[in-house]
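Trainee: Before I ask anything, let me first share the structure, which is written out below as structure tokens.
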């Protein structure tokens, strides 16, 4: 599987990136909100000052000497004193829109405010933007009650300065909090990555032959399944290495003895002076080479079983056809050894297994019968279906094996005490391992009459309707 480029980046940087992007978005939204808050606060202060000034002016509107007039109190303009030096404009209009006092360039809003209410609006005064408020003030005259409109406006320098001051303070505070959060997150990620780094160091410090499990409790809960999976893999690897080591140890032992015997026989042949002695030695050498070939072939078969165990693959195997093929191939050797082969496979029997391995298994069973049954014996091969499983049986009427010695026959390089010369002790081991790998089992049933030896292998049947085996191979 090809990893994505991002999967090879730093985990710390990846985590910071996932956290930094939302943090930046949150900071941007917070800055915008803080700006809006600062603007509203500045407008609130500005409207409050403009309203106070307008009310002061409105309170001084009087009917005097036949006309409505107003005296502007100094306090109404001193409210706006600031370092920004904003321009302040005011205007008082009667109910007909005639300017009573103030600046003619400052006009009231198009929508006249109702009595007692203040109307705020934005306008232009000369060449500068201005924010203003307008209110209506009733005035008692001899002709009745009349209304005047009082408008006060201020340019925006002080307001903008206040917005910047409030927003900058909020920006600095939030940026400081974000920076502190980023540092805290970086430190937290570094601390949380320490168990992974310790696990990495533990892996690097392990000797090559060590398959001891790691302690899942040393890492966080989210990583414990990964450590458990690694431990399971190491356990399988340890079992595989153990089988390989036992195989190599046994193979070395089994190969060393025939080679030593062969070397001795060659030395005897060299010292022999008569043709009869040389022929006798050559016969023994031939027997040793045959025995060594048999051991080598079985060791290679056992090695193949170990290899196939790592990648099991099952398919339909017609046991009737396979048994016929094995009998046809091995019949000449059986005749040379004086053993008759009989085949009982009338009913269909298709099992789910690796065909090459099953053939090796059957060959080992028949070869075992030929090797140990003795001349004049009959070895019978059969295949049948019983209890939803395929049963392959090889039995002979030879001397058999005592019940007490049968269990040891499945151990590598172990043979019965009554076994003849030339065996390797691997035949039934190969049979047992192939059966186990195929999801089956091996049994040593009793032979009718009590004489002879039988091996029965049970394998799962192939399910045609499903297109798969009725059971998975055992790894």
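The values are calculated or read from the model by the stated rules, or taken from the named source; none is laboratory data. This one's a predicted model, so the numbers in the text were calculated from it and none came from an experiment. Note that each Cβ is placed from the backbone with ideal geometry, even for glycine, and that neighbours are counted across all protein chains shown.
Trainee: Any residue at all in segment 320-327 that is farther than 13 Å from residue 459 by Cβ, in contact (Cβ under 8 Å) with a residue 60 or more places away in the chain and either surrounded by fewer than 22 Cβ atoms within 10 Å (Cβ to Cβ) or not assigned by TED's automatic domain parsing to the domain that holds residue 457 (or both)?
Mentor: yes
Trainee: How do the pairs read when you match residues in segment 272-293 that are more than 30 Å from residue 367 (Cβ to Cβ) with residues anywhere that are part of a helix (DSSP H, G or I) and modelled with pLDDT of 75 or more, using Cβ under 7 Å and keeping only pairs 6 or more apart or on different chains?
Mentor: 272/278; 272/281; 278/269
Trainee: Do we have residue 174 as outside the structural domain of residue 82 (by TED's automatic domain parsing), modelled with pLDDT under 85 and more than 29 Å from residue 23 (Cα to Cα) here?
Mentor: On the way: outside the structural domain of residue 82 (by TED's automatic domain parsing): yes; modelled with pLDDT under 85: yes; more than 29 Å from residue 23 (Cα to Cα): no.
In short, no.
Trainee: Which of the residues spanning segment 452-475 are in contact with a helix residue (DSSP H, G or I) (Cβ under 8 Å, 6 or more places away or on another chain), modelled with pLDDT of 50 or more and over 18 Å from residue 384 (Cβ atoms)?
Mentor: Of everything in segment 452-475, those that are in contact with a helix residue (DSSP H, G or I) (Cβ under 8 Å, 6 or more places away or on another chain), modelled with pLDDT of 50 or more and over 18 Å from residue 384 (Cβ atoms) turn out to be 452, 453.
Trainee: For residue 270, state whether it is part of a helix (DSSP H, G or I), assigned by TED's automatic domain parsing to the domain that holds residue 242 and modelled with pLDDT under 70.
Mentor: Taking the combined requirement at face value, the residue does not satisfy it.
Trainee: If you check residue 363 against the conditions, is it in a helix (DSSP H, G or I), outside the structural domain of residue 457 (by TED's automatic domain parsing), modelled with pLDDT under 90 and touching a helix residue (DSSP H, G or I) at 6+ places or on another chain (Cβ under 9 Å)? Explain how you work it out, then say what you get.
Mentor: Working: in a helix (DSSP H, G or I): yes; outside the structural domain of residue 457 (by TED's automatic domain parsing): no; modelled with pLDDT under 90: yes; touching a helix residue (DSSP H, G or I) at 6+ places or on another chain (Cβ under 9 Å): yes.
So residue 363 does not fit the description; no.
Trainee: With respect to residue 265, is the statement that it is out of contact with any helix residue (DSSP H, G or I) (no Cβ under 6 Å at 6 or more places or on another chain) and at pLDDT 65 or above true?
Mentor: Answer is no for this residue.
Per-residue answers, yes or no, for (1) at pLDDT 85 or above; (2) loosely packed, with under 14 Cβ neighbours inside 10 Å:
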residue: 10; (1), (2): no, yes
residue: 20; (1), (2): no, no
residue: 33; (1), (2): yes, yes
residue: 43; (1), (2): yes, no
residue: 48; (1), (2): yes, yes
residue: 52; (1), (2): yes, no
residue: 58; (1), (2): yes, no
residue: 66; (1), (2): no, yes
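Trainee: How many residues does segment 53-82 contain that are in a loop (DSSP other than H, G, I, E, B) and touching a residue at least 40 places away in the same chain (Cβ under 8 Å)?
Mentor: 2
Trainee: Still on this structure: For segment 120-136, state whether one or more residues are in contact with a strand residue (DSSP E or B) (Cβ under 7 Å, 6 or more places away or on another chain) and farther than 25 Å from residue 38 by Cα.
Mentor: The answer is yes; a qualifying residue exists.
Trainee: Additional query: Only one of (1) surrounded by fewer than 17 Cβ atoms within 10 Å (Cβ to Cβ); (2) in contact (Cβ under 8 Å) with a residue 40 or more places away in the chain; (3) assigned to a loop (DSSP other than H, G, I, E, B); (4) in contact with a helix residue (DSSP H, G or I) (Cβ under 7 Å, 6 or more places away or on another chain) fails for residue 95. Which number is that?
Mentor: (4)
Trainee: Only one of (1) crowded, with 17+ Cβ neighbours inside 10 Å; (2) out of contact with any helix residue (DSSP H, G or I) (no Cβ under 9 Å at 6 or more places or on another chain); (3) under 21 Å from residue 435 (Cα atoms) is not met by residue 373, so which one is it?
Mentor: (3)
Trainee: Of the residues 363, 391, 385, 351, which is crowded, with 24+ Cβ neighbours inside 10 Å and within 19 Å of residue 440 (Cα to Cα)?
Mentor: 351
Trainee: Still on this structure: Here's a check for you: in segment 416-451, which residue that is under 26 Å from residue 376 (Cβ atoms) and at pLDDT 80 or above is surrounded by the most Cβ atoms within 10 Å (Cβ to Cβ)?
Mentor: 431
Trainee: Then there's this: What number of residues within segment 142-165 satisfy the criterion of being surrounded by fewer than 13 Cβ atoms within 10 Å (Cβ to Cβ) and in contact with a strand residue (DSSP E or B) (Cβ under 9 Å, 6 or more places away or on another chain)?
Mentor: Looking only at that region, the number is 2.
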